[in-house]
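Peer 1: Submitted below is the structure of interest, expressed as structure tokens.
A short reminder: the numbers here are calculations on the coordinates, not readings from a lab. As the structure is a computational prediction, the values presented were derived from the model and not from experiment. Cβ atoms come from the backbone with ideal geometry, glycine included; neighbour counts cover every protein chain shown.
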Amino acid sequence: MLIFSRQNLAYLAEPKTGTTAVEMALKRRADIVFARHRKHMPARGFHNRVAPFLEQAYNLRPDRVAVMRDPVEQLSSWYRYRTNADLRGSPKSTAGISFDQFILDVIADDPPDHAAVGSQFKFLTSASGDVLVHRLFAYAHRDRFHAFLQDRFGEALEFKKQNVSPKGETPLEPATLAKLRAARAKEFALYDRLMDAGGVLEFAPHSA
């Protein structure tokens, strides 16, 4: 997460949506940088804890922005990332596990360590399901997000690919996809709405 007082902006870093590239491009311009275990603080945490602090301490009520990725693609990136040799032998490794099994583990009531990756919908919303960011951009149209940032900062910015997941095929059986879509219907619905809007949605965040 990055917070910029001059630009009145808070970037909430949803995992596997190009967050490291954004961080590398903007980190030196940020007034507050949440790194390591706080880098991917969900919108609910920001709304409940960080936003009140910023308003009380600095009279700052920043616009909240985030990026959302196609749900299957985002999970594919998680899966491929966790095939990395550095994770071999770790409970978080997906080596030797099929993508189908990974998806089934993700949507299980108690996901094992390798499938404990959260959900984009929960990252972006309150307990009642209200979206808690002001602008949501589609990863598939991240050029619009980059253009928004360049306009807000008033300068050209360079976004270099960083921390990219290993390449690999992640075929998914239709039956498994159907189970995923049923388990995460709200996430797919939000993403479809985002894409139908051309890759950008604006919200007035509700109370958590």
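Peer 1: Report the local net charge at His134: Lys and Arg +1, Asp and Glu -1, summed over other residues whose C-beta lies under 14 Å from its C-beta.
Peer 2: +1
Peer 1: Let me ask something else about it. Which of the listed residues, Leu2, His114, Thr17, is farthest toward the dipole's positive end in the chain, when Lys, Arg count +1 and Asp, Glu count -1 at the beta-carbon?
Peer 2: My answer, from the dipole projection, is Leu2.
Peer 1: Here is a follow-up. Quick one: net charge of Gly154's neighbours, Cβ under 13 Å, K/R +1, D/E -1?
Peer 2: Numbers: positive: Arg6, Arg29, Arg152; negative: Asp151, Glu155.
Around Gly154, the charge tally is +1.
Peer 1: When a footprinting reagent is the concern and you count Cβ atoms within 10 Å, what order do Val117, Val133 take, fewest first?
Peer 2: Working: Val117 20, Val133 26.
Fewest-to-most Cβ neighbours within 10 Å comes out as Val117, Val133.
Peer 1: Modelling each spin label as a point 7 Å along the Cα-to-Cβ direction, I'd like the Ala178/Ser90 distance in nm, to one decimal.
Peer 2: With each label point 7 Å from Cα toward Cβ, the separation is 3.6 nm.
Peer 1: Could you give the radius of gyration (one decimal) and Dmax (whole number) of the Cα atoms in the chain, in Å?
Peer 2: 17.3, 51
Peer 1: What is the angle, in °, between the Cα long axis of helix 174-183 and the longest principal axis of the Cα atoms in the chain? Nearest 10 is fine, range 0 to 90.
Peer 2: 40
Peer 1: Now a separate question. Just in the range 114-179: which trypsin sites (Lys or Arg not before Pro) are loop by DSSP and have at most 11 other Cβ atoms within 10 Å?
Peer 2: Lys160, Lys161, Lys167
Peer 1: With only Lys, Arg, Asp and Glu charged, each at its Cβ (+1 for the first two, -1 for the last two), find how big the charge dipole of the chain is about the Cα centre; round to the nearest 20 debye.
Peer 2: Details: 30 positive and 24 negative charges, 122 e Å.
Computed about the Cα centre, the dipole is about 580 debye.
Peer 1: Further, regarding this structure: Could you work out the longest stretch of the chain that avoids the GluC sites (Glu not before Pro) located in DSSP loops with at most 12 other Cβ atoms within 10 Å?
Peer 2: It runs 1-154.
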